[in-house]
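*Asks:* If you scroll down you'll find the structure; I have some questions about it.
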Amino acid sequence: MLETLTIEGSNKTPAVIFSAEAGVLEISGKSIPENSFGFYQPMLTWIEAYSSAPKPKTEVKIMLEYFNTSSSKCLLDIFRKLGAIQKSGKSEVEVIWHYEEDDEDMMEAGQDYNSLVDLEFKIVQI
């Protein structure tokens, strides 16, 4: 069984909890790491391993307050890998994109990702 990936959040990096057992992947907080690709690499590696035996339903919860441009590219890479899992027919992947009521930029970011990848997005106001 794949180990749960847990990364403590900081004032520059989001908290991450990817649980293969539950089929739930969560990213929350701010994402402005100095090296986005280095920060997100363990998540991409984990998803690669998860893709060999995913849960029938995979839920992805994104609860970001803010992310920078390089983080947005990394998020797109994550969504593309998850899209490949869904396309394989091994798991139904649903992304729940949270945004705060007055944060139109974050709402639109979720809509943009939804149009870029072949995944079902639920865009939820909190």
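The values are calculated or read from the model by the stated rules, or taken from the named source; none is laboratory data. What you are looking at is a predicted structure, and each value in this text was computed from that prediction instead of being measured. Cβ sites come from the backbone with ideal geometry, for glycine too, and all protein chains shown count toward neighbours.
*Asks:* Would you point out the residue of the stretch 81-98, among those that are more than 14 Å from the chain's Cα centre (by Cα) and not in a helix (DSSP H, G or I), that is nearest to LYS61 (Cα to Cα)?
*Replies:* It comes out as GLU92.
Residues are listed down the side, and each one gets a yes or a no for (1) under 19 Å from GLY110 (Cα atoms); (2) in contact (Cβ under 8 Å) with a residue 12 or more places away in the chain; (3) in contact with a strand residue (DSSP E or B) (Cβ under 7 Å, 6 or more places away or on another chain); (4) part of a strand (DSSP E or B):
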position: LYS30; (1), (2), (3), (4): yes, yes, yes, yes
position: GLU34; (1), (2), (3), (4): no, yes, no, no
position: PHE39; (1), (2), (3), (4): no, yes, no, no
position: PRO42; (1), (2), (3), (4): no, yes, yes, no
position: THR58; (1), (2), (3), (4): yes, yes, yes, yes
position: LEU64; (1), (2), (3), (4): yes, yes, yes, yes
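*Asks:* Could I ask something else about it? So, in the stretch 99-113, of the ones that are part of a helix (DSSP H, G or I) and free of Cβ contacts under 8 Å to residues at least 12 places away in the same chain, which residue ends up farthest from the chain's Cα centre (by Cα)? Walk me through how you get there before you give the answer.
*Replies:* First pass over the stretch 99-113, keeping only residues part of a helix (DSSP H, G or I): 104-113.
If we keep only those that are free of Cβ contacts under 8 Å to residues at least 12 places away in the same chain too, we end up with 104-105, 108, 112.
Numbers: GLU104: 19, ASP105: 17, GLU108: 16, ASP112: 14 Å.
So, considering only residues that are part of a helix (DSSP H, G or I) and free of Cβ contacts under 8 Å to residues at least 12 places away in the same chain, the one farthest from the chain's Cα centre (by Cα) is GLU104.
*Asks:* Same structure, new question: Is it the case that some residue within the stretch 2-13 is crowded, with 16+ Cβ neighbours inside 10 Å and closer than 18 Å to LYS90 by Cβ?
*Replies:* no
*Asks:* Can you name every residue in the stretch 44-56 that is of a type outside the set (D, E, K, R), within 15 Å of the chain's Cα centre (by Cα) and part of a helix (DSSP H, G or I)?
*Replies:* Those that are of a type outside the set (D, E, K, R), within 15 Å of the chain's Cα centre (by Cα) and part of a helix (DSSP H, G or I): LEU44, THR45, TRP46, ILE47, TYR50.
*Asks:* Further question: Filter the stretch 34-63 down to the residues that are under 22 Å from ASN114 (Cβ atoms) and hydrophobic (A, V, I, L, M, F, W, C) and list them by number.
*Replies:* Passing the criteria: MET43, LEU44, ILE47, VAL60, ILE62, MET63.
*Asks:* If you check SER71 against the conditions, is it crowded, with 20+ Cβ neighbours inside 10 Å, touching a helix residue (DSSP H, G or I) at 6+ places or on another chain (Cβ under 7 Å) and either of a type in the set (Phe, Trp, Tyr) or in contact (Cβ under 8 Å) with a residue 24 or more places away in the chain (or both)?
*Replies:* Working: crowded, with 20+ Cβ neighbours inside 10 Å: yes; touching a helix residue (DSSP H, G or I) at 6+ places or on another chain (Cβ under 7 Å): yes; either of a type in the set (Phe, Trp, Tyr) or in contact (Cβ under 8 Å) with a residue 24 or more places away in the chain (or both): yes.
So SER71 passes the test.
*Asks:* Next question, about the same structure. Using beta carbons and a limit of 7 Å, which pairs, at least six apart or on different chains, have the first residue in the stretch 3-28 and within 22 Å of ALA53 (Cβ to Cβ) and the second one aromatic (Phe, Trp, Tyr) and at pLDDT 95 or above?
*Replies:* THR4/PHE18; LEU5/PHE18; LEU5/TRP46; PHE18/TRP46; ALA20/TYR50; LEU25/PHE18
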